[in-house]
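Here the structure comes first, spelled out in structure tokens, and everything after it is commentary.
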Amino acid sequence: MTGVDADRYQLADRNISRIGYGAMQLAGDGVFGPPRDPDEALAVLRAAVEAGVDHIDTAQFYGPGVVNVLIREALYPYPDGLALVSKVAARRDDSGAVLPYDEPHQLRAGIEDNLSTLGIEQLTAVNLRLMDSAVPDNRFVDQLGAMIQARDEGLIAGIGLSNISLAHLLRALEFTEIVCVQNFFNLADRKSLPILHECVAREIAFVPFCPLGWPRLQHEQIRTDPVITGIAQAHGGTPAQIALAWLLALAPNVLLIPGTSKRSHLAENLQAGTIALHPDQVTALTERFA
Ligand SMILES: NC(=O)c1ccc[n+]([C@@H]2O[C@H](COP(=O)([O-])OP(=O)(O)OC[C@H]3O[C@@H](n4cnc5c(N)ncnc54)[C@H](OP(=O)(O)O)[C@@H]3O)[C@@H](O)[C@H]2O)c1
């Protein structure tokens, strides 16, 4: 195991806390435009770092540009050890639609845009976020080539993959080291479980996105389910904390980036690491949403 203790894990050249922060919720509705409450958005970022968060997940296409600019305004000059992780392969049009931006030269431009708006010279990791799960092999290999070149030139410390299949991961590993996989995964949706298992075996960080459920119905299901609320009560915690604690209990390489636009939820999410679920509770949660 690469992590130095149960609370931390290796991500590229950093050994980071297993609970980080996903900044996507800081943009306006639909992850488009400015936040409804810019002061709170800045306060959330500062509170995260003050509380010890050393892993922030972002993207140039959140806003677009809005979230990276907020991160820079709130935190620059960045504290030592802060891992800034982004993703490329998408852009927004004027209406907010998410469009592919995944030609090799566009991936490169996406990385450079992140560096520029964040005001840094290197990102800890950048995820190649697949927009097309049926991407032809030659195209995927070319995309990887752009990521490898960016890493070899020092623009990024590590290459991640997002929204991928197990086949994509195995194919990518034929060409390069992969430091993280970021896929949709939570109590109620575990389609990426085989990928998590592969990441465990290979000591690759696995970063579940939407750890509290998406869309809203799934989010509400997780927050109101009687098994979860019962376990939450037993721990004096909240359903969101139990959903996060269950993810942490899965494997030591699971790194969390719960997203929120509120300091109250941030504080709650960061405390999830203090909840030690009993193995029977882990089983009950696993079976509940099997
Ligand atoms: N690679 C990808 O394709 C991809 C896709 C989606 C997301 N991501 C990344 O993953 C991160 C996490 O995903 P996410 O933000 O979509 O989903 P999430 O972390 O599962 O949950 C976010 C939702 O839950 C609410 N929430 C947060 N903490 C809560 C709490 N303690 N109690 C109740 N509600 C709570 C948030 O609303 P409030 O603002 O009201 O707290 C928000 O509506 C993102 O921020 C982003 O960085 C990556």
Discussion item. Here are the criteria: (1) in a loop (DSSP other than H, G, I, E, B); (2) touching a helix residue (DSSP H, G or I) at 6+ places or on another chain (Cβ under 8 Å); (3) farther than 24 Å from ASP7 by Cβ. Tell me which single one ALA290 does not satisfy.
Written reply: (2)
Item to complete: Answer yes or no as to whether LEU99 is within 27 Å of GLY273 (Cα to Cα) and surrounded by fewer than 24 Cβ atoms within 10 Å (Cβ to Cβ).
Response: no
Worksheet item: Among the residues of the stretch 2-17, is there at least one that is within 13 Å of the ligand (Cβ to nearest atom) and either under 17 Å from the mean Cα position of the chain (by Cα) or surrounded by fewer than 14 Cβ atoms within 10 Å (Cβ to Cβ) (or both)?
Response: no
Fill in: Residues of the stretch 221-262 satisfying the condition of being farther than 26 Å from GLU198 by Cα, touching a Lys or Arg at 6+ places or on another chain (Cβ under 7 Å) and either open to solvent by 50 Å² or more (accessible area, probe 1.4 Å) or within 12 Å of the ligand (Cβ to nearest atom) (or both)
PRO239, ALA240
Item to complete: Pull up the stretch 189-220, narrow it to residues that are small (Gly, Ala, Ser) and either open to solvent by less than 30 Å² (accessible area, probe 1.4 Å) or modelled with pLDDT under 95 (or both), then point me to the one that is nearest to the ligand (Cβ to nearest atom).
Response: GLY213
Discussion item. Considering only residues that are within 20 Å of the chain's Cα centre (by Cα) and closer than 20 Å to GLU112 by Cβ, which ones fall in the stretch 131-149?
Written reply: MET131, LEU144, MET147
Worksheet item: (1) within 18 Å of GLN271 (Cα to Cα); (2) open to solvent by 70 Å² or more (accessible area, probe 1.4 Å); (3) without any contact (Cβ under 8 Å) to a residue 40 or more places away in the chain: which one isn't true of ASP29, the others all being true?
Response: (1)
Worksheet item: Of all residues in the stretch 23-44 being closer than 20 Å to GLY81 by Cα and within 12 Å of the ligand (Cβ to nearest atom), which is farthest from the chain's Cα centre (by Cα)?
Response: VAL44
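The values are calculated or read from the model by the stated rules, or taken from the named source; none is laboratory data. Fair warning: this is a prediction, and the values are worked out from it, not measured in the lab. Every residue, glycine as well, gets a Cβ built from its backbone with ideal geometry; the counts of neighbours run over all protein chains shown. Surface accessibility is based on the protein's heavy atoms, side chains included, excluding ligands, DNA and RNA. Shrake-Rupley method; radii C 1.70, N 1.55, O 1.52, S 1.80 Å.
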